[in-house]
Amino acid sequence: GQLPPWLQGILLRNGPGMHTIGDSQYNHWFDGLSLLHSFTFKNGEVYYRSKYLRSDTYNCNIEANRIVVSEFGTMAYPDPCKNIFAKAFTYLSHTIPEFTDNCLINIMKAGDDFYATSETNFIRKINPQTLETLEKVDYNKYVAVNVATSHPHYDSAGNVLNIGTSIVDKGKTKYVLFKIPSSVPEKEKKKSCFKHLEVVCSIPSRSLLHPSYYHSFGMTENYIIFIEQPFRLDIVKMATAYIRGVNWASCLAYNKDDKTWFHFIDKKTKKEVSTKCYTDAMVFFHHINAYEEDGHIIFDVIAYTDNSLYDMFYLKNLDKDFEENCKLTSIPTCKRFVVPLQYSKDAEVGFNLVTLPSTATAVKEKDGNIYCQPEILCEGIELPRINYAYNGKKYKYVFATEVQWSPVPTKIAKFNTQTKEMLHWGQDHCWPSEPIFVPSPDAKEEDDGVVLTCVVRTDPKAAPFLLILDAKTFTELGRATVDVEMHLDLHGMFIPEQDLKTVPE
């Protein structure tokens, strides 16, 4: 096929790439050492490269020729030959663990620089052209957080917004919303943008020792949306995990009888909206988009009725009979919540406050709380992406992977949130990754552009490839075949040529 001549830049992807070191093996697919890979588009041609992230974790493990740094699903232990005192000391120092810098989930842009990210307090700067690993940044030096999401948002000025959890700091556990500026004042050019990091707002956790787990958050023009779900981390269990010989993942618990609370932070006042809104228990990882309309906040998420998704990816489950044996007990469901911010304080109890045409409801209760029920947009999609120019605005299209009862994607889909129509691309024994939308330079409509996805294949003799689809029609424009083994990755971003600082190859 052919590439559109305007497609110039780098598709940069991140994901777990090495699961065995010496005689030791990670327990979980999400624990593997980060492998970055990229497709560079230049004058109608595509160049591929991949490189392991040279994190401290990577270096320590390779040097020891075994796993010595713990990951979320794999607890690592020190040299068993050490004496009992050294052992006891090691146990104590693991109370609030020194987390890994194996940043294997996503790529983030801050200022002119790019970083590999995961959900710990560490991010690693990388060179997007050579995939070289550069300095390590510890969020904790600039803001009191122990974990942070790998799905930040970017505002119109290019500032980064992110949320992290501050665990039992000064007797409080809270969620901290912070902003990394896109540029620093001229006279401080040598300083990093992290030195100018600003705390926007903090939200107290409903429980001191059981903060909510979250993977992403939402943003509209005027509000940040944070969802506190009843899928929680048990801090006491986490502090004793090392001694008990269990992994940190076992310290997460879901309470299906609890509520899911919505928090809305006003960007201008930097304060939380006082109205308390909630829905039934749910587990979710990805926000799709959010916007405001006629005094309502509308936000779309992909939710589950249980937390079985994480368990699917334990390596013991990912064997040759994976497709038969690994069945989700909860299908991912695209839910739209509609929350009225302006409504009459005299509204009756039991009255639905939503005035927009939607099957979503928001009912006032006796205690003044608002109970929200979603509109179901569709089922069976994950890893959602949008045209980011429409982030925080009313939008139509979601580009996503299609997953039915198995957690590994078999197709990619384009879903129209307004008409509920869905287009698909799929081929037998092909496993696509998160689809990324790249707008064409003269785009007039939301779906003017291309969709890029990396496809791995079951047959070891069949080469993996990068697929380029016309975003409007979902027809194939071309594919670039790669003659090396490619890994199934998680997330990434497209960096247009003009956003790359020229670095000599």
Point-to-point label distance, Q404-T355, nm (Cα→Cβ direction, 7 Å offset): 4.4 nm
Gain in length, K366 to R49, computed as 0.36 nm per residue apart minus the alpha-carbon separation, to one decimal in nm? 108.2 nm
Reciprocal mean inverse distance between Cα atoms of the range 393-432 - Kirkwood radius, Å: 10.9 Å
Can you give me the long-range amide H partners of K411? Hydrogens built in the peptide plane at 1.01 Å from N, cutoff under 5 Å, separation of 5 or more residues or another chain. E402
Once both label points are put 7 Å beyond Cα along the C-beta direction, the L209-D138 separation in nm becomes 2.7 nm
The chain, relative contact order [Cα under 8 Å, separation at least 6], %: 12 percent
Quick one: pull the percent of accessible area on the chain belonging to carbon and sulfur, 1.4 Å probe, ligands and nucleic acids left out. 52 percent
Return the subset of K270/K393; K42/K461; K411/K461; K444/K501 for which the Cα-Cα distance in this structure is over 24 Å, preserving the input order. K42/K461; K444/K501
Using the heavy atoms of the protein chains and a 1.4 angstrom probe, tell me the accessible area per residue for the chain in square angstrom. 45 Å²
Relative to the compact-globule estimate 2.2 N^0.38 Å (N residues), the Cα gyration radius of the chain stands at a ratio of 0.97
Kindly state, to the nearest 0.05, the FRET efficiency for C60 paired with H196, given R0 = 30 Å and r defined as their beta-carbon distance. 0.45
Given points 7 Å out from each Cα along the Cα-Cβ axis, report the V184 to K316 separation in nanometres with one decimal. 4.8 nm
Sort 438-445, 218-225, 135-142 by the packing proxy (mean of other Cβ within 10 Å over each peptide's residues), most packed first. 218-225, 135-142, 438-445
The range 142-293: relative contact order from alpha carbon pairs under 8 Å, six or more residues apart, as a whole percent, is 19 percent
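The values are calculated or read from the model by the stated rules, or taken from the named source; none is laboratory data. Treat the numbers as computed from the prediction; the structure is a model and nothing was measured. Here Cβ is always computed from backbone atoms with ideal geometry, including for glycine, and neighbour counts include all displayed protein chains. When the accessible area is computed, the model is the full protein with side chains, heavy atoms only, and any ligands, DNA or RNA have been set aside. Shrake-Rupley method; radii C 1.70, N 1.55, O 1.52, S 1.80 Å.
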